[in-house]
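The values are calculated or read from the model by the stated rules, or taken from the named source; none is laboratory data. These numbers come from a predicted model, not from an experiment. Glycine also receives a Cβ, built like all others from the backbone with ideal geometry; neighbour counts cover every protein chain displayed.
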Amino acid sequence: MDQSISEDELIAVCGRVGKILLTSGAETSRVEGTVEYIGRAAHYDISCHATITALFVGVKNQTKTHLVKVRLGDFNLEKVDEINTMSRKFVTGQIDFDELKRTIEQIDKKVIDFTWPEKVFGAALVSVAPMLLFKATWADLGLAFFVGIFGYLAAALSSPRIKTPYVAAGLGGFTVGFLAAVLQSLGIATNAGNIIVSALMPLVPGVAITNSFREIIDRNTISGVVRAVDALIIAGSIGAGVVLGAGLSGIIFHIIGGGL
Amino acid sequence: MKVLIELIVSFASTVGFGLVTNVPRRSLLPAGITGSLAWVAYYLVLQVDNGLILPNFTAAIVIGILGNISAVMFRVPVNMIYVPSLVSLVPGGILYLGMRSFTLGNEMRTGQYMFNALTIAIALAVGFVVAEVIFYRIKPILLRTLDKQKEN
């Protein structure tokens, strides 16, 4: 490969790669590794430092450093995979730098996603938790399948529209808590608690907290702690949402019961 | 029979979470298999040892080894397998229960749930580390067999 790639261009592309990777939920060590890999393939000694909130890219022995601000995002693992494939192709020389730049811009803009029905079906499948098999009744698990759909829809539809963080998770919890409590009050469900725990499975940040401990063990302490605190607050807002939802259903049924 | 049901439900769970987190399509099947086998391992160990650490640790080792092997075989980053297969094991439900007790002002139970969630998360994370150490021993053998297959 020739030396025609300018330093600025390379740093800009590397910053973009790192940003997409971080917001799509890759681990910090993978982000740093991928960026430095691309740099080495372009014959520059790039060094990259990634934390979960910011990303620094620079060339060693130079004064220039590029700073990219990042905000915590949701999982979008397909983007991580595409970037990974592209960087591997670039390193082995299958594509040149201009093409890499173009594809990365495309990946950044493109909305790579499963269709809504597929995602909703996925969330419904997750809502039947193996943890509760033979502990909850089969009818309750069947109900959780549908309650989970509504909870996931509430969280997923509200998150692009509401800018305040954590409200979307709270709304999901609210929906699940309300529906489960209503079902129990109507006598359809036997145990609202089991339905709630099961139907919340797509929303709770369990994977995030496990990944945060993996990062801490990997000595990426800052990123790990940020992820863990974020997960804790998401769980807190879900918990508060469920308490509010169940409380609201209690009030409604109290009023109806008093009126009858 | 029970094990079979557990296997099917956890497979569905894993594939479902794969759809939610948007993994590439080619990693859905290996992730599903990894997730369900790890859950069965968890379930079987749970019959012998009724604690939190050993079952989760075993499951994490299963995910770690199978996940790394399928990452090499299907050419996907290993996180694409880890994230969906973890969904039935992770302490998400317990974390929620803990924060709900916190909202309701129940200190004792909050502490208990949070402690359990922490234990599970650390058991899983340490399991991954151990699995990766084991995998680095297996990797050369795996690569050699894959090369042989390509030649044939």
Please find, within region A:234-260, the residue that is surrounded by the most Cβ atoms within 10 Å (Cβ to Cβ) out of those that are within 21 Å of B:LEU124 (Cβ to Cβ) and in contact (Cβ under 8 Å) with a residue 60 or more places away in the chain. A:ILE238
Conditions: (1) touching a Leu at 6+ places or on another chain (Cβ under 7 Å); (2) within 7 Å of chain B (Cβ to nearest Cβ); (3) modelled with pLDDT of 80 or more. A:PHE150 meets all but one. Number of the miss? (2)
Do you know which residues across region A:6-43 are surrounded by 19 or more Cβ atoms within 10 Å (Cβ to Cβ) and part of a loop (DSSP other than H, G, I, E, B)? A:SER24, A:GLY25, A:ALA26, A:GLU27, A:ALA42
Just one of A:ILE95, A:ILE83, A:ILE46 is in contact (Cβ under 8 Å) with a residue 40 or more places away in the chain and either surrounded by fewer than 18 Cβ atoms within 10 Å (Cβ to Cβ) or touching a helix residue (DSSP H, G or I) at 6+ places or on another chain (Cβ under 8 Å) (or both); which is it? A:ILE83
Would region A:185-192 turn up any residue that is under 25 Å from A:ARG71 (Cβ atoms), more than 9 Å from chain B (Cβ to nearest Cβ) and not in a helix (DSSP H, G or I)? no
Looking for whichever is crowded, with 24+ Cβ neighbours inside 10 Å, without any contact (Cβ under 8 Å) to a residue 60 or more places away in the chain, within 7 Å of chain A (Cβ to nearest Cβ) and of a type outside the set (Gly, Ala, Ser) here; the options are B:VAL90, B:VAL83. Which one fits? B:VAL90
From B:ALA71, B:ALA117, B:ALA60, residue being under 10 Å from the mean Cα position of the chain (by Cα), closer than 21 Å to B:PHE17 by Cα, part of a helix (DSSP H, G or I) and of a type in the set (Gly, Ala, Ser): B:ALA60
When both residues are 6+ apart or on different chains and their Cβ atoms are under 9 Å apart, which pairs have a first residue that lies in region A:145-160 and is closer than 23 Å to A:VAL111 by Cβ, and a second that is surrounded by fewer than 23 Cβ atoms within 10 Å (Cβ to Cβ) and among the charged types (D, E, K, R)? A:TYR152/A:LYS119; A:ALA156/A:LYS119; A:SER159/A:ASP74
Only one of (1) within 11 Å of chain A (Cβ to nearest Cβ); (2) modelled with pLDDT of 85 or more does not apply to B:VAL76, and that is (2)
Which numbered condition trips up A:LEU200, out of (1) more than 24 Å from B:GLY18 (Cβ to Cβ); (2) within 8 Å of chain B (Cβ to nearest Cβ)? (1)
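For every residue, the table says whether it meets (1) in the same structural domain as A:ALA129 (by TED's automatic domain parsing); (2) touching a Phe, Trp or Tyr at 6+ places or on another chain (Cβ under 8 Å); (3) within 20 Å of A:PRO130 (Cβ to Cβ); (4) not acidic (Asp, Glu).
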site: A:LEU183; (1), (2), (3), (4): yes, no, no, yes
site: A:LEU200; (1), (2), (3), (4): yes, yes, yes, yes
site: A:GLY206; (1), (2), (3), (4): yes, no, yes, yes
site: A:PHE213; (1), (2), (3), (4): yes, no, no, yes
So for region A:220-227 (the condition being outside any helix (DSSP H, G or I), in contact (Cβ under 8 Å) with a residue 60 or more places away in the chain and of a type in the set (A, V, I, L, M, F, W, C)), does at least one residue qualify? no
Enumeration of residues in region A:204-234 that are more than 8 Å from chain B (Cβ to nearest Cβ) and hydrophobic (A, V, I, L, M, F, W, C): A:ALA208, A:ILE222, A:VAL225, A:VAL226, A:ALA228, A:VAL229, A:ILE233, A:ILE234
Counting only residues that are of a type in the set (Asp, Glu) and assigned to a helix (DSSP H, G or I), region A:199-219 contains a total of 1
Could you tell me whether any residue of region B:89-108 is over 20 Å from A:ALA199 (Cα atoms), at pLDDT 85 or above and of a type in the set (Lys, Arg)? no
Evaluation of B:LEU104 against (1) more than 11 Å from chain A (Cβ to nearest Cβ); (2) surrounded by fewer than 18 Cβ atoms within 10 Å (Cβ to Cβ) (one fails), failing number: (1)
Positions within region A:112-127 being modelled with pLDDT of 80 or more and part of a loop (DSSP other than H, G, I, E, B), in sequence order: A:SER127
Those residues that are in a helix (DSSP H, G or I) and either more than 10 Å from every other protein chain (Cβ to nearest Cβ) or among the charged types (D, E, K, R) (or both), I need them from region B:32-50; list them, please. B:GLY32, B:ILE33, B:THR34, B:LEU37, B:ALA38, B:ALA41, B:LEU44, B:VAL45, B:LEU46, B:GLN47, B:VAL48
